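The values are calculated or read from the model by the stated rules, or taken from the named source; none is laboratory data. No experiment lies behind these values; they were computed from the predicted model shown. With ideal geometry, Cβ positions are generated from the backbone for all residues, glycine too; neighbour counts draw on all protein chains shown.
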Amino acid sequence: MTDRDLYLLDVLAAHRVLTAEQVAALLYPSVDRAQRRLLALTRRGALERFRARVYPGSQAWRYTLSYPAVQLVAARRAERPASRSAHNTTVLRLARSRTLEHQLGVNGFFTSLARDAAARPLTRLANWYSESTVATALQWDHGIREAIRPDGYGRWIEGPRVTTFFIEYDRGTESLERLGGKITGYATYLPGMTVLYHLHSALRETHFHHKLIGAGREGVATTTAELLAASGEGVSGPVWLPAGPGTRRRLRLSELPGSGFALQANEWGAGTAPIPAPHLPEVA
């Protein structure tokens, strides 16, 4: 297996599932190249794939680790792997999970950042940590338990600017009260931390900003799936609308204020494979 293959296994060990489009954004110059490599790895037993039956048309394959890949990742980390039956149950539950599309949305956000970084000099998505990794690191390193549960953590480097952030990925299933209520936890435990809300629609974004009036909103910025689709901008581009009475201009990710806060996940399942390109993140 190549370094790129081993890195992909680390990504899937941390983030569970990817589509071919997401793998291409992360590691390949085209979706076709990614699909061919994913098919080869599946045929060799390194990956498993699944998709739901839809009519008309077909759903894109979702790729996850095979059991031999789980064993390989565990061996490289000097860990004991789950049993084969436990792995099979995990894959079945993942394929049937109500939160699968949410997980893919979060992963798509980070793989899009990696694609943006590849296109720019002196730019890198340095860290990409999962919800479970963040929860563990916050609890053990900072004593924060249930008050904060972001969907992921990233560290974005663009030239001399470093932006660390949490992401809250919204598919329109939670109430605005619940979304806004999360800000209280961030304001209490990590004041000034950049929190990105990727919202479902422009209307939802407008209503969300109204909900934030009077709330502790320092560091909060929003974008929408509609805006990203219509503008063609990447998620690192000028698509982020800061909350509060200041500028109403949308900012680049690198223009958002940095808090100086950083998570270290080396002890919480960080990958062991060599990172195959300088713009790619450490994953955990």
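Brief remarks on what is shown
- Meets criteria (modelled with pLDDT of 90 or more, closer than 16 Å to residue 108 by Cα, aliphatic (A, V, I, L, M) and part of a strand (DSSP E or B)) for residue 196: yes
- Filtering 155, 145, 120 for residues that are over 26 Å from residue 200 (Cα atoms), among the basic types (Lys, Arg), outside any helix (DSSP H, G or I) and in contact (Cβ under 8 Å) with a residue 12 or more places away in the chain leaves a single hit, 120.
- Exclusive hit being closer than 29 Å to residue 196 by Cβ and among the basic types (Lys, Arg), set 16, 76, 84, 49: 16
- Among the residues making up the stretch 114-127, those that are within 23 Å of residue 232 (Cα to Cα) and out of contact with any Ser or Thr (no Cβ under 6 Å at 6 or more places or on another chain) are 114, 115, 118, 119, 120, 121, 122, 123, 124, 125.
- Only residues that are without any contact (Cβ under 8 Å) to a residue 40 or more places away in the chain and either part of a loop (DSSP other than H, G, I, E, B) or within 10 Å of the chain's Cα centre (by Cα) (or both) were counted in the stretch 123-142, giving 1.
- Qualifying residue in the stretch 140-161 (condition: in contact with a His (Cβ under 6 Å, 6 or more places away or on another chain) and surrounded by 15 or more Cβ atoms within 10 Å (Cβ to Cβ)): no
- Residues in the stretch 158-176 that are within 19 Å of residue 108 (Cα to Cα) and not in a strand (DSSP E or B): 170, 171, 172, 173.
Matching residues to (1) in the same structural domain as residue 37 (by TED's automatic domain parsing); (2) surrounded by 15 or more Cβ atoms within 10 Å (Cβ to Cβ); (3) touching a residue at least 24 places away in the same chain (Cβ under 8 Å); (4) β-branched (Val, Ile, Thr):
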| residue | (1), (2), (3), (4) |
| --- | --- |
| 47 | yes, yes, yes, no |
| 64 | yes, yes, yes, yes |
| 84 | yes, no, no, no |
| 91 | yes, yes, yes, yes |
| 107 | no, yes, yes, no |
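- Every condition in (1) at pLDDT 95 or above; (2) surrounded by fewer than 14 Cβ atoms within 10 Å (Cβ to Cβ) is met by residue 57 except one, and the failing one is (1).
- For residue 29, the conditions (1) in the same structural domain as residue 223 (by TED's automatic domain parsing); (2) exposed (fewer than 13 other Cβ atoms within 10 Å of the Cβ) all hold with the exception of (1).
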